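Below you'll find the structure, written out as structure tokens, and then a few comments.
The values are calculated or read from the model by the stated rules, or taken from the named source; none is laboratory data. Remember, it's a predicted structure, so these values are computed and weren't measured experimentally. Glycine gets a Cβ as well: all are built from the backbone with ideal geometry, and neighbour counts include every protein chain shown. Each accessible area value is taken on the protein alone, full model and side chains, heavy atoms only, with ligands, DNA and RNA left out. Shrake-Rupley method; radii C 1.70, N 1.55, O 1.52, S 1.80 Å.
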Amino acid sequence: ETGLQEMIIRKLAGDNGNWVRVGDPNQAIYETFTTAKPEYLRDFLRESDVTGRELPNSGRSAMPIIELANHLIGWTMEKHPNAAVRERQPLQPPLIQPAPAGDPQANPPADQSRIVLYPAALPPVEEIRAVVDSIRGWLPQHPDQTAAILVPRNKRGFDIVDALKQIREPQIEYVELLRSTTSTREAAGAVGNILQYLSNPGDVRLLARVYQVWRRDDRDEEALAARLDQTLKAIRKCPRVEDFITPQLGRDWLADDESVAKLIESDPEIGGLLAEFRGIVKRWQEAVILPIDQLILILAQDLFKSSADLAIAHSMAVLLNGYAESHPAARLPEYTEELAVIARNERRFLGVDDMDRGFDPEAHKGKVTVATMHAAKGLEWDRVYLLSVNTYDFPSAVPGDQFMSEKKFIREGLNLEAESLGQLTALANDIPYREGIATEAARVDYAAERLRLLYVGITRARRELIMTWNTGQQGDQHMAIPFAALQAYLDQKEQTP
């Protein structure tokens with residue numbers, strides 16, 4: 001909870017009211033996105049009139065995985081290389097204990113568990129290939145089990161999905177729990193491309209892109225893909241769009257152009273497709289005068305066939321209708337940009353994915369779930385892959401670490417957001433502001449949150465846990481320090497009789 005929420009609840013509960021708070025400070029993983037901090041719950045537990053009740057038992061994971069998570073807690077408290085992080089105590093007891101005897105959710109057998117920390121330094125593309133190859137071999141052999149590939153950032157998840165889509169034999173079924181699903185992004189991009197053309201109807205390049213969107217499924221077959229490429233080249237050479245879409249006597253590109261005639265002669269079906277496309281585009285142009293939500297639904301009828309895509313289009317229509325009500329002066333370019341934000345993965349599009357309906361991994365046996373570690377909180381799978389456990393995604397706030405919030409073009413590596421908040425705090429409390437102090441504090445906060453994120457990722461696994469890391473886009477990243485500590489623990493445990 002935030003401090004403001006706590007103040008409100010205190011007033012509602014009153015001095016003698018009952019107040020029950022349930023939470024796990026070790027899993028407070030939203031600090032970098034909201035103002036939630038585990039200190040609020042820990043401070044509450046220290047109050048004299050509060051009675052704490054620990055709930056350490058968990059039947060989710062096999063004992064080797066529980067022991068690994070517990071070791072991370074102890075290492076963080078005692079051996080983390082940054083003293084400021086240790087003082088922050090991002091991970092604390094109680095340690096996880098297995099479910100007691102007779103519990104209806106018994107822990108998976110230890111002899112059926114497996115932990116692999118892959119030590120090799122892999123480029124990002126190779127890391128994805130290794131994980132995809134692994135799940136490709138494992139999943140068909142375990143159709144009655146659940147699996148997940150967990151990533152620290154949405155972009156990495158999108159890359160995983162793209163790699164899974166390339167697999168044909170055997171085809172790997174997957175479920176996305178990312179900021180937006182592939183189908184949502186593709187649908188938004190398709191409709192956005194058409195709106196962009198309708199706002200610039202004389203642009204032949206945009207018209208060619210619209211044709212490509214309309215015939216996008218042709219890319220899946222070699223012969224159809226070749227026809228599509230030939231048709232796109234022809235459209236791009238059309239001297240005047242209106243001679244194609246709204247031809248006049250003596251100015252009909254489709255009927256009079258020699259190069260088009262030769263193309264149709266070589267493949268007569270192209271003529272029929274272009275004629276059909278012309279009719280569809282004319283209908284879209286006539287619909288431009290309608291309210292934006294009605295226009296979107298008309299476009300969807302010609303673009304989409306599946307009920308899922310049509311549902312997404314309906315949600316987009318509702319979204320843009322709301323935007324139109326709050327922005328009465330908006331026109332097609334503004335609506336196009338709203339959809340582009342979704343297509344570029346910059347905004348989560350609610351209302352059409354599994355997370356919004358309540359995700360149940362058990363309903364997706366035989367498939368692999370691709371999710372961020374944040375979205376995986378509260379869920380569990382038989383086999384879990386944790387990717388990108390390197391010094392960029394899991395820094396320890398030691399010299400040499402890089403941070404997402406510190407841009408290279410900003411002097412001294414300052415975190416502008418943290419420094420701005422630091423200045424406001426100094427002004428509000430009438431204290432001196434010292435540049436750089438807020439940036440250092442933000443580094444410690446981020447390193448602490450990343451430890452909790454890693455802890456959450458580990459504890460999502462029931463039977464098998466596989467962790468990998470990559471060297472980053474520039475090849476300058478290293479194995480995360482907590483990764484190395486966990487690997488050393490496993491090595492020592494293996495050597496101990």
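Please state which one of Leu454, Leu427 is within 22 Å of the chain's Cα centre (by Cα), of a type in the set (A, V, I, L, M) and part of a helix (DSSP H, G or I).
Leu454
Taking Arg53, is it over 30 Å from Thr439 (Cα atoms), charged (D, E, K, R) and either surrounded by fewer than 18 Cβ atoms within 10 Å (Cβ to Cβ) or touching an Asp or Glu at 6+ places or on another chain (Cβ under 9 Å) (or both)?
Yes, satisfied.
Give the stretch 171-193 a look and list any residue that's in contact with a Lys or Arg (Cβ under 7 Å, 6 or more places away or on another chain) and more than 30 Å from Leu206 (Cα to Cα), or say none.
Within the stretch 171-193, Ile172, Glu173, Tyr174, Val175 meet the criteria.
Where residues in the stretch 69-88 are open to solvent by less than 30 Å² (accessible area, probe 1.4 Å) and either touching a Ser or Thr at 6+ places or on another chain (Cβ under 9 Å) or free of Cβ contacts under 8 Å to residues at least 60 places away in the same chain (or both), which of them is farthest from Val456 (Cα to Cα)?
Asn82
I'm told Asp401 meets every condition in (1) open to solvent by less than 60 Å² (accessible area, probe 1.4 Å); (2) under 24 Å from Thr468 (Cα atoms); (3) without any contact (Cβ under 8 Å) to a residue 24 or more places away in the chain except one. Can you identify the failing condition by its number?
The single condition Asp401 does not satisfy is (3).
Within the stretch 69-85, which residues are β-branched (Val, Ile, Thr) and more than 23 Å from Pro98 (Cα to Cα)?
Result: Val85, single match.
State the number of residues belonging to the stretch 216-254 that are open to solvent by less than 100 Å² (accessible area, probe 1.4 Å), touching a residue at least 12 places away in the same chain (Cβ under 8 Å) and over 19 Å from Gln285 (Cβ atoms).
Adding up the residues that qualify gives 7.
Among the candidates Ala447, Ala488, which residue alone is in contact with a His (Cβ under 9 Å, 6 or more places away or on another chain) and closer than 18 Å to Trp75 by Cα?
Result of the check over Ala447, Ala488: Ala447.
Inside the stretch 283-330, can you point out the residues that are over 26 Å from the mean Cα position of the chain (by Cα), touching a residue at least 12 places away in the same chain (Cβ under 8 Å) and open to solvent by 80 Å² or more (accessible area, probe 1.4 Å)?
Arg283, Gln294, listed by residue number.
Look through Phe349, Phe359 and report the one residue that is open to solvent by 20 Å² or more (accessible area, probe 1.4 Å) and at pLDDT below 85.
After applying the criteria, what remains is Phe359.
Would you check if Leu164 is under 20 Å from Trp138 (Cβ atoms), out of contact with any Leu (no Cβ under 8 Å at 6 or more places or on another chain) and assigned to a helix (DSSP H, G or I)?
Here the answer is yes, as Leu164 does meet what is asked.
If you check every pair at least six apart or on different chains, which have Cβ atoms under 7 Å apart with a residue in the stretch 262-279 that is farther than 19 Å from Leu299 by Cβ and in contact (Cβ under 8 Å) with a residue 24 or more places away in the chain first and a residue that is part of a helix (DSSP H, G or I) and open to solvent by 50 Å² or more (accessible area, probe 1.4 Å) second?
Hits for this filter: Leu263/Gln230.
Which one of Gln97, Gln92 is surrounded by fewer than 17 Cβ atoms within 10 Å (Cβ to Cβ), in contact with a strand residue (DSSP E or B) (Cβ under 8 Å, 6 or more places away or on another chain) and among the polar types (S, T, N, Q)?
Among Gln97, Gln92, only Gln97 is surrounded by fewer than 17 Cβ atoms within 10 Å (Cβ to Cβ), in contact with a strand residue (DSSP E or B) (Cβ under 8 Å, 6 or more places away or on another chain) and among the polar types (S, T, N, Q).
So how many residues does the stretch 167-192 have that are part of a helix (DSSP H, G or I) and not acidic (Asp, Glu)?
The number of residues fulfilling the criteria is 10.
Filter the stretch 255-279 down to the residues that are within 23 Å of Gln196 (Cβ to Cβ) and buried (at least 18 other Cβ atoms within 10 Å of the Cβ) and list them by number.
Residues satisfying the conditions are Leu273, Leu274, Phe277.
Listed here are the residues, each with its yes/no results for (1) open to solvent by 10 Å² or more (accessible area, probe 1.4 Å); (2) small (Gly, Ala, Ser).
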| residue | (1), (2) |
| --- | --- |
| Leu424 | yes, no |
| Tyr433 | yes, no |
| Asp445 | yes, no |
| Ala448 | no, yes |
| Ile458 | no, no |
| Ala461 | no, yes |
| Leu465 | no, no |
